[in-house]
Amino acid sequence: MIKSVMVMNTQGKPRLSKFYEYQPVEKQQELIRSVFGVLCSRADSVSNFIEADSIFGPDTRLVYKHYATLYFVFVFDSSENELAMLDLIQVFVETLDKCFKNVCELDIVFSYSKLHTILDEIIFGGQVLETSSAEVIKAVEEISKCWKRPQVLSHLSPSQFLVGEVGSIG
Amino acid sequence: MAGASIMETLFQRNLEDLIKASRQQQVRESLFISKSMDEIRREIKSTDLHTKSIALQKLSYLSSLHGLDMSFAAFHAIEVVSSPQFLHKKIGYHAITLSFNDDTPVMLLITNQLRKDMNSSNQFEVSLALECLSRIGNIDLARDLTPEVFTLLSSSKAFVKKKAIAVVLRVFEKYPDAVRVCFKRLVENLESSDPIIVSAVIGVFCELSLKDPRSYLPLAPEFYKILVDSKNNWLLIKVLKIFAKLASLEPRLAKRIAEPICEHMRRTGAKSLMFECIRAVVSSLSEYESAVKLAVMKIREFLVDDDPNLKYLGLHALSIIAPKHLWAVLENKDFVIKSLSDGDFNIKLESLRLVMAMVSESNVAEITRVLVNYALKSDPEFCNKILGSILSACSKNVYEVILDFDWYASLLGEMARIPHCQKGEEIENQLIDIGMRVKDVRPELVHVSRDLLIDPALLGNPFLHNILSAAAWLSGEYVEFSRNPFELMEALLQPRTSLLPSSIRAVYVQSTFKVLISCVHSYFLHKENVASSIDSGNQASEVPELVSQRKFPESSDLTSEAPACSEQDGDFNPRDSNQSFEDLSTENDGDVTVAHGHASTSASFGKSNFTQESIVNLLNLVELALGPLSSSHDVEIQERTQNVLGFIDLIKKEILNLEIQGEQHLAREGTEASNAVKLMRDAFSKELGPVSTSAQERVAVPDGLSLKEDLSDLEMICGDAQLPLSSSFSLGSPQYGEKFDAPLSNLQSKDESEPLKESTSLLAEHRKRHGLYYLSSEKSEILSNEYPPANDPMSQDQLSDDAADLVKLTEQSVASKKKPNNAKPRPVVLKLDGDEIAIAAKKPELNSGMLSGAVRDVLLGNEALHTSSQSNLCDKPSSNKKGKEKLNTDLPLESKENLGGEEMPGGAASSRKSKHRSHGKERRHKSVGKNGEEKVDNSRKKETKSNHRHGRHKPRQKADGPLNVVAQTPVVPDFLL
């Protein structure tokens, strides 16, 4: 299972973070920092794997790839193949590249929602569901059609049912 | 209000504005964020869903990338999710997956929304709901949404179906009973023509079988088909992972898959698949020689590749196979050693592991020599990795690989001097440990310790303090092996010891005491001998013998050392001298050189070493150096210092008088001082040994002591004993126990105040009533007879008996293995029971959880069970009537189908299986029947109350019943055969 996906720039600023097992926000920040601490000390010519047991607990591995100003990091356990994960990073980046036409860090900074949409089509609850970037792009385009429907300023109050239940609990 | 809301909506900043603005605020980002948070808190309360959702989106962004807490918005997220607009839903679900967890109070409110969206006609809404369930699903959600997931498993849209399959993993994990509903459909999807679907199912099984492989053995035929037929690398990798787990459980399966895996290895060009094949072979098929050979060949290709990733993985694969096929490592030895100096930390680490795997009795010295050289050259982190692995490899199984302990002792000393060494604690433990376990190494240990102690530079390195503590302890404890106690004393008292932490300084003080006692004792002994030799010249021949018992008789070594020592002294004295030590050191320099001079000239240096003058100087030195410590803030240092100083007070006068009185006096009757010194020396000379961790268990329980009886009384007694007991009672030594009742209480009542009197009488009464819990003097005697303390002479005998056995044993093993270049026999190493226990450690517990039980249930088929749980599901109060009907129509069909028959192609397997099933059916039936009733009851209760919280614990109860039965039935039918 994939435990986490992170994208951060070479200064350690997180650009995307996704944890497939719940982590409190403080812990998330701490994990991102420790991962960056390891990454920034590594030369470019070395291998892309890091044993992440000390950061994420036993039986975790980390694969990263360095593109221009960004690090793409996947954290996973023994049910994934290291080289396959490296390929998956490639798939993810290729998909981004096609979606944004020559992706750069700025695209990623400003496209928070789209980034998550793309990633969610590739990895679902920690499992890899799609490895073809064409399929991912197709799905993402259809999803964005859904959300670009004309929006009316609606003043709908939240559903009465929900409010009622809160009342009964409180 | 409405007006304000419109204004808010019109002028609200969206996420993009927020990001833009935050990028302009380079300097005071935190201020900007807190401002934005205020804005969000205001906007999120808006009645307009659009405003609310934009606020929620901004909040999600800040939470995800800036680590802000968004738990306060949980309810708002639920409101946003309920919007009919897709965009809002998407934002809402995203926020929920980010922030919800089992502790979120409003979690229960989301169930209906999820159900609604899972039934939506828009596949993207369904997908959102599934994604949400897969991230936050807890037991309630999993239980309540199982019917929806079941329905979606047969969705016609692959987009939905694959996500429904993936969500099953979470549902099973949280609510194992869902297996009974969904498992069959999950398995059916293995037959799908869409590779994406099959891959999703295999992904789920890969996760499941990692946790509990045994339950999925029955599915081996399906997996095998994929292994042989599929061309999809992703799929093959996952199937290989499953088989690696299954094959280690079922040898026949291993035999079957060996050839297809080799075929993949020969054919594939994909490195990822290749590596997975290699991993499967080295971890689970290590008995199949041809497969292993092929895998090692492929590993070699990885090793020589330019890509560091492949290099790393190749080494990793080698380290998996090393324990079983060391030849694979030895074949690639050159490469492994070369990789130690690779630029990549991972590769270095992996090759270090492999090098350590190659360590054996014959090459340990050679390998550690190479590694220590690497450690000297490498960066601190890797240096310590090297040192750590040397230490752990050498100490494995009570120093199994070490034959020459003198060498190992000096290696430990050498490691301590490596500049980056941070393994102080481990080296400390091992120094003391081998000191206690291996008698023969003690002289060398003392020698190593001396070299460490006299080097003032080492005192400045906090990482070495632990090692110095061990060195100080060793040279105090085994001072009889010291070649020059005076020098040792100076080392222990040197000014820079003030840099040590107080706990270690206390060890230094105690060692000073031991060294002092040893010196003074030798002095007296010498005097006595001189005196007696004057009396009767015949006895003179005894002297060297006596001395040689305590002294290390290698004067030749010593002579060569003497200049080095004085150099050392010269080194540190000028540098560190403060006023009080200035004169001292000069004085002592003289002393040392005198001593050395004597030593070099006379063979029995011990004799001439302990002159009147030198002893007096020694006493002065100790007094002067320890004087300031007697008012130390640390009680341990203070107390030990006081002991030493007190002792010096006791003997100093007599030693000074001795000169005047003449030596004959001493020889005749012995002085008070010499007696005291003798006693102290006796106390110190008792050997300390290692204590087995299981020592306590081996103490027989004394007769009449029943530990576990009447423990129920304890509460009552504790109730009684609330009064504060004065420590004099609780600490009273057992010998005085009998006096406790009358005399003490009388005594107390006379001169103590009222409450104390009360308490003593209460205690006496208490003792009378519960005599059982008090130790009587008799019993304690029995106890001490049966379990002598560690340094008791009796246990020494036992130990040496054990040791004798061990000698035989080791000799045998030595004889059986041929060891050409080992002239020295391996010294005796004490082993204790506890060591083995510690080595055995804990075996990993089998987590045959509820999930595996449920899976086995389903896989091995039981219709009764199936229908009962299904019908139970239908009974559930479901607000969704449609779903209920659907289920009803689905279920009878399903229960008619023969589960095994459909799943297991191949007549033989299914017929064998069905036999199995009919076997277990009856047994299981009863309990299931009961269970079914219970469940019906439960669900009725639920209907009346319809309270979600109430239902939370139920699944656990339900699952307990069938599980117990399942656990008993042996479940390994013949697969694939």
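Just so you know, all these numbers are worked out from the coordinates, no wet-lab data involved. All values derive from a computational prediction rather than experimental measurement. A quick note on method: Cβ atoms are made from the backbone with ideal geometry, for glycine too, and the neighbour counts reach across all protein chains shown.
Things worth noting here:
- Note on the stretch B:49-115: Kirkwood radius taken over Cα pairs, Stokes-Einstein applied at 4 °C and 1.567 mPa s, translational D equal to 111 µm² s⁻¹.
- Inter-chain shielding of A:106-118 (mean C-beta neighbours from other protein chains, 10 Å cut-off): 3
- Prolate/oblate/rounded label for the stretch B:428-522 (Cα gyration tensor, a/c 1.5): oblate
- The stretch B:184-341 - convex hull of the alpha-carbon atoms, volume per residue in Å³: 113 Å³
- The smallest convex shape that holds all Cα atoms of the stretch B:268-327, its convex hull, gives 70 Å³ per residue.
- Shape call, the stretch B:1-132: gyration tensor on alpha carbons, a/c limit 1.5: prolate
- Sequentially through the stretch B:122-129, phi angles give Karplus couplings (6.51, -1.76, 1.60; θ = phi - 60°) of 7, 5, 6, 5, 4, 4, 4, 5 Hz, Gly and Pro residues having no value and appearing as x.
- For peptide A:124-136, the mean count of partner chain Cβ atoms within 10 Å of a residue's Cβ comes to 6.
- Most to least packed among A:42-55, B:191-204 [average Cβ atoms within 10 Å]: B:191-204, A:42-55
- Rounded to the nearest 20 debye, the dipole size of the stretch B:131-270 about its Cα centre is 300 debye, using +1 on the Cβ of Lys and Arg and -1 on the Cβ of Asp and Glu.
- Neighbour counts of other Cβ atoms within 10 Å put B:Val304, A:Val140 in the fewest-to-most order B:Val304, A:Val140.
- Positive-pole candidate from A:Phe124, A:Val75, A:Val25, dipole of chain A, charges at beta carbon: A:Val25
- For the stretch B:315-326, Karplus couplings with θ = phi - 60° (6.51, -1.76, 1.60), whole Hz, Gly/Pro x: 5, 4, 4, 4, 6, 6, 8, 3, x, 9, 10, 5
- The stretch B:621-660 shape via C-alpha gyration tensor axes, a/c threshold 1.5: prolate
- Protection-proxy order for peptides B:621-631, B:269-279, each taking the mean of Cβ atoms within 10 Å per residue, highest first: B:269-279, B:621-631
- Histogrammed with a bin width of 5 Å, the alpha carbon distances of the stretch B:309-349 distribute as 6, 26, 34, 24, 9, 1 percent, first bin at zero.
- Burial order of peptide ranges B:370-377, B:205-212, A:73-80 (average beta-carbon count within 10 Å, highest first): A:73-80, B:205-212, B:370-377
- Per-residue ellipticity at 222 nm, computed for chain A from helices alone with -39500 (n - 2.57) per DSSP H run of at least four residues, works out to -14500 deg cm²/dmol.
- Remark: mean inter-chain Cβ contacts per residue of A:22-32 equal 4, using a 10 Å Cβ-Cβ cutoff to other protein chain atoms.
- Extent of the stretch A:2-149 along its three principal axes (Cα atoms, max minus min coordinate, largest first): 46, 30, 29 Å.
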